[in-house]
Amino acid sequence: MAKIIDGKKISQQMKDELKEKAERLKEKGKTGALAVIQVGQDPASSVYVRNKKNACAYIGIESLAYELPEETTEEELLKLIDELNGKEQVKGILVQLPLPKHICEDKVIRAISPKKDVDGFHPQSVGAMTIGEPGFLPCTPAGIIQLLKRSDVEIGGKHCVIIGRSNIVGKPMAILMLRENATVTVTHSKTKNLKEICRQADILIVAMGKPQFIGAEYVKEGAVVIDVGIHRDENNKLCGDVKFAEAEPLASAITPVPGGVGPMTIAMLMNNCVQSIEEE
């Protein structure tokens with residue numbers, strides 16, 4: 001039977017540690033706020049934004065909410081980001097993605113000061129991560145590293161196969177696994193022999209965005225399976241990219257959906273926020 005990697009429990013441990021750290025910083029007079037900007041009323045985005053505000057409240061970091069109408073122009077959004085870049089008390093700026101079609105995400109990401117880029121998406125943050133310099137790490141991949149380490153999964157020397165090459169998960173995940181001395185293979189929609197490659201993985205990280213696509217035939221016996229996907233199935237139940245019931249008997253450890261990777265993303269965002277206050 002696979003060990004179920006409990007992301008809720010591990011993220012709670014991290015948040016408790018961060019709460020203590022934030023209290024110690026406050027005693028030294030170091031405080032700061034996270035500015036969260038949401039454009040429009042995408043229901044999934046609203047849930048994420050609420051979770052982020054709740055996490056800030058738990059840890060003891062002030063959060064400032066900017067809920068803008070769908071028709072907000074790109075110029076108006078960039079002006080707000082510029083104002084927040086200049087506010088000393090604002091230590092982190094987060095723009096909830098996706099944005100409405102008329103706003104260029106790339107422009108918005110680049111407009112955030114790298115010193116306040118708690119999402120770790122700015123090209124400067126990505127560059128620093130790639131060459132191993134200090135900076136903010138993207139929350140989901142960094143959360144997965146914490147999940148593995150805190151579940152006593154050895155990463156060094158292991159073959160890690162990642163399915164997906166997005167800028168948010170796949171590519172940074174590969175870099176962070178290399179930093180932990182894994183041997184990394186990145187696969188994607190154009191990869192040939194995907195099943196054979198996945199079956200070589202000691203650690204299989206699935207971030208392809210296709211509900212319940214990865215079944216038993218992709219999983220080597222004893223592999224650690226990390227499922228980054230989150231979807232609703234035909235019964236409106238949450239599910240991942242992996243067929244959990246098929247993969248779990250083969251795996252040595254596996255993340256459930258929900259309750260696996262998801263909570264870690266917010267824990268790592270809080271980690272970045274505390275880091276931004278610490279480094280002021």
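Assorted remarks:
- Whole-Å distance, taken between Cα centres, linking segment 94-144 and segment 46-64: 19
- If both residues of a DSSP beta bridge must be in segment 139-262, then about 10% of such bridges are antiparallel.
- Taking the average, over residues, of other Cβ atoms within 10 Å as the packing measure, peptides 194-201, 62-69 rank 194-201, 62-69 from highest down.
- Summary value for the chain: 22 percent relative contact order, contacts being C-alpha pairs under 8 angstrom separated by 6+ residues.
- Scaled to the globular estimate 2.2 N^0.38 Å, the Cα spread of segment 125-280, given as radius of gyration, is 1.02.
- Helix 139-150 vs. the chain, principal-axis angle (Cα, 0 to 90°, nearest 10): 50
- All distinct Cα pairs of segment 140-179 go into the 1/r average, and the inverse of that average, the Kirkwood radius, is 10.4 Å.
- Rg/Rg_globular for segment 206-271, with Rg_globular taken as 2.2 N^0.38 Å and Rg from C-alpha atoms: 1.11
- Model label points for Q13 and E70, set 7 angstrom from Cα along the Cα-to-Cβ axis, are 4.3 nm apart.
- Taking the chain as a Gaussian network of alpha-carbon nodes connected by springs under 10 Å, the highest mean-square fluctuation of the residues P211, P134, P172 belongs to P134.
- Cα radius of gyration and Dmax for segment 1-53 (Å): 15.9, 49
- Alpha carbon convex hull of segment 1-146, projected area averaged over orientations, nm²: 10.4
- Per-peptide packing, taken as the mean over residues of other Cβ atoms within 10 Å, places 18-24, 123-129 in the sequence 123-129, 18-24 from highest down.
- Computed over the chain, the range of Cα coordinates on each principal axis works out to 52, 43, 38 Å, biggest value leading.
- Couplings 3J(HN,Hα) of segment 182-194, computed from phi: 7, 9, 10, 10, 9, 10, 7, 5, 9, 6, 8, 6, 4 Hz, in residue order, whole Hz [Karplus 6.51 cos²θ - 1.76 cosθ + 1.60, θ = phi - 60°; x for Gly and Pro].
- Counting other Cβ atoms within 10 Å as a rough exposure proxy, the listed residues F244, F213, F136 run F213, F244, F136 from fewest neighbours to most.
- Spatial separation of Cα centroids for segment 234-280 and segment 169-197, in angstrom: 18
- Listed by chain and number, the aspartates and glutamates placed with their C-alpha closer than 16 angstrom to that of K28 are E20, E278, E279, E280; residues fewer than eight positions away on the same chain are left out.
- Proportion of all alpha-carbon pairs of segment 129-209 beyond 16 Å (%): 48
- Computed from the Kirkwood radius of its Cα pairs, the Stokes-Einstein diffusion coefficient for segment 30-113 at 10 °C and 1.306 mPa s stands at 121 µm²/s.
Every read-out reported here was derived from the displayed coordinates using simple, explicitly stated rules and does not represent laboratory data. Just so we're clear, the structure is a prediction, and the values are computed from it rather than from any experiment. Here the Cβ is made from the backbone with ideal geometry for all residues, glycine too, and neighbour counts use every protein chain on show.
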